[in-house]
Amino acid sequence: MSLTESTMLELGTAAPGFALTNAVTGETVRRDDFKGKDALLVMFICAHCPFVKHLEASLGKLGADYASKPIGIVAISSNDVTTHPADRPAGLKAQARAHGFTFPYLYDETQDVARAYSAACTPDFFLFDKDFKLVYRGQYDSSRPGNGAPVTGEDLRAAIETVLAGKPVSRDQRPSIGCNIKWRA
């Protein structure tokens, strides 16, 4: 398990477009499907990573808590499935069902979307405002596998609440830490 920090992409960066297959439904989901929302949360996660496993139940709760709010939420898995077969669409679908993910869980087979977002680790979180401008990139909370801190999602939830309230999100943001994205050779 290698520890990798998120790249902390520059705030204000525009959300790159995407059109990816939802591993649960088979439907294509596009960034522009979320036009008209007050925010868009893009999460790079996967099925095998211990850092994601540590908070996947909380991610299911996050999705349920915000399902009726004006925010779009998507999860994307970009790992090389030849080296990490648990991250194939069937594994993503099983993970989504087991943890009650109400948001689309997308498979980035080419890894082009992860590159466009400068995603570096799982989990890696990117929150955009209604104009698809980056307002938060960083950790879910300070909990990590084995550190004893409770999984609350407090950092990400605070950013979501702030952007939904139409206020500027604090620039004091800590990077996410997790397993590196498994890039194809």
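What follows draws every value from the coordinates through simple rules; no lab data is involved. This is a predicted model, so every value here is computed, not measured. Quick reminder, even Gly has a Cβ in these numbers, built from the backbone with ideal geometry, and neighbours come from all protein chains shown.
Structural remarks
- Scanning the stretch 14-59 for residues that are in contact with a helix residue (DSSP H, G or I) (Cβ under 9 Å, 6 or more places away or on another chain), over 24 Å from Ala94 (Cβ atoms) and assigned to a loop (DSSP other than H, G, I, E, B) turns up Ala15, Pro16, Gly17, Asp38.
- Residue match in the stretch 79-93 (condition: surrounded by fewer than 22 Cβ atoms within 10 Å (Cβ to Cβ) and within 26 Å of Thr152 (Cβ to Cβ)): no
- Residue count, the stretch 25-75 (criterion: loosely packed, with under 14 Cβ neighbours inside 10 Å and either in contact with an Asp or Glu (Cβ under 8 Å, 6 or more places away or on another chain) or over 20 Å from Pro123 (Cα atoms) (or both)): 11
- Wholly within the stretch 74-185, strands (runs of 3 or more DSSP E) carrying at least 2 residues that are farther than 17 Å from Leu3 by Cα and without any contact (Cβ under 8 Å) to a residue 12 or more places away in the chain: none
- Gly12 falls short on exactly one of the conditions (1) at positive phi; (2) in contact with a Pro (Cβ under 9 Å, 6 or more places away or on another chain), and that condition is (2).
- Sole residue being crowded, with 16+ Cβ neighbours inside 10 Å and within 12 Å of the chain's Cα centre (by Cα), chosen from Phe132, Phe128: Phe128
- Conditions (1) hydrophobic (A, V, I, L, M, F, W, C); (2) within 19 Å of Cys49 (Cα to Cα); (3) buried (at least 17 other Cβ atoms within 10 Å of the Cβ); number of the one not met by Ala149: (3)
- Evaluation of Lys69 against (1) over 16 Å from the mean Cα position of the chain (by Cα); (2) more than 25 Å from Gly17 (Cα to Cα) (one fails), failing number: (2)
- Looking across the stretch 1-13, the residues that are more than 16 Å from the chain's Cα centre (by Cα) and not charged (D, E, K, R) come down to Met1, Ser2, Leu3, Leu11, Gly12, Thr13.
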